[in-house]
1. Please give the length that would be gained between residue 124 and residue 331 if that part of the chain were fully extended, namely 0.36 nm times their separation in residues minus their C-alpha to C-alpha distance (nm, one decimal).
2. For region 51-98, what D do you get in µm² per second when you plug the Kirkwood radius from alpha-carbon pairs into Stokes-Einstein at 25 °C and 0.890 mPa s?
3. What full-extension length gain, to one decimal in nm, is calculated for residue 314 and residue 151 as 0.36 nm per residue of separation minus the Cα-Cα distance?
4. Round to the nearest 0.05 the FRET efficiency obtained for residue 281 and residue 248 when R0 = 30 Å and r is the Cβ-Cβ distance.
5. With a Cα-only, solvent-free Debye model of region 56-151, what are the log10 I(q)/I(0) values at q = 0.13, 0.23 Å⁻¹?
6. Would you please give the FRET efficiency between residue 59 and residue 114, computed as 1/(1 + (r/R0)^6) with r the Cβ-Cβ distance and R0 = 22 Å, to the nearest 0.05?
7. Short version: ³J(HN,Hα) in whole Hz for each residue of region 327-332, in order, from phi by Karplus 6.51 cos²θ - 1.76 cosθ + 1.60 (θ = phi - 60°), x for Gly and Pro, what are they?
8. Send over the Kirkwood Rh of region 63-217, from the inverse of the averaged 1/r over different Cα pairs, rounded to one decimal Å.
Amino acid sequence: MLGEAFAASRSQPVISAISFVLMAAMVTAVMLTTGKAVGSQEAVLSSVDAVTSRSIVVRAEPSAGLDATALDRIGMIDGVSWAVGFGPAVDANNIRIAGGPKVPVRLAYASSFASVGIPRNIPMLGRSLYASREAADQMGAVQGAAGLATTVGREYSLVGVLKTPKNLRFLEPLAIVPSESNQAAGLSVMVVVVDSPTMADAVARAVASSLGETDASKVTIESSQELAQLRKDVDRQLSRFGRNLVIAILGITSSLIAVMLYSLVLLRRKDFGRRRALGASRSFIVLMLLAQTGYVAAASTIGGLGLSAAILAIGGDPLPTARFCLALGVLTISTALSATALPAAVAANRDPIRELRVP
């Protein structure tokens, strides 16, 4: 049956060529409109994600009662990528530079400090200090090494310079001392990073309920809810535009395919009558026409995708995702087969004796 369908396609080059051009034009039209919009949509959403820090910042007054034990509870919230807490800032200066500039030093607590660029094995935990390049330059560190003394009599050794994550840049100049995460030390700032900007609102509410015995009136929670909502609105509006355009193009194209194939059935009614008279079943006729359309639809999909991708690339426009291209291919073939179903059913149900009498 597949062989006969392929042979029938080759024996009718004009019909096959018209079908190919029609469906390839449909694929190209969708790619150059909706596909281009989807590519732009991905670029816009990526830009919004780049602006959105995906972070929730919890600030607490000294008497709020927020301690490091809350980090373990927050770490179990679905959607939390990582969380780190910081104690109150204490001024410190380089021991070797009398009267030198001071930098704020904070005790830091986390289940893993890898998220902030600190190695897993920390020498002298609770005594080792890691600083950003800005903080290291401010304290006058020579080749990344220095000893610091705080105003409360504590001394720390600078053991590494870290690249400040964008979620912690508001703490610059950043100088932190990694400490045991199970200590019930008071925190002044906690940063919670979520997996996706769209989850910021829900995670912020979960964080608020996981702070433990904390005076809520002395705690403020800041999140990027506004940008997350903007991202959701942009995604919804662009998706609605693309969906409506695809429906319109597919509807028009499928109608044209159905009319063309119905005309083909009328032109080939003697051929179908002859096949029925020789013993071909109704299902064979239907499947043969569907297979014939499937061959042309697959070829036109590949050709349309290749042509439109080249046009978009030459024009410097963003390409849609591979998932969109695959979905468009499946949708194109499904639309063509659906449009073929009615003409195929008409061809299969014609009386073979009557059709053979047609001059």
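1. Contour length minus Cα-Cα distance gives 68.4 nm.
2. Rounded to a whole number, D works out at 178 µm²/s.
3. So the chain would gain 52.4 nm between residue 314 and residue 151.
4. Between residue 281 and residue 248 the formula returns 0.20.
5. -0.55, -1.28
6. E(calc), rounded to 0.05, equals 0.35.
7. 5, 5, x, 4, 5, 5
8. 16.1 Å
None of the figures in this text is laboratory data; all of them are computed from the coordinates on show. All figures in this text were calculated on a predicted structure; none of them were measured in a lab. Cβ coordinates were reconstructed from backbone atoms using ideal geometry, including for glycine residues, and neighbour counts include every protein chain displayed.
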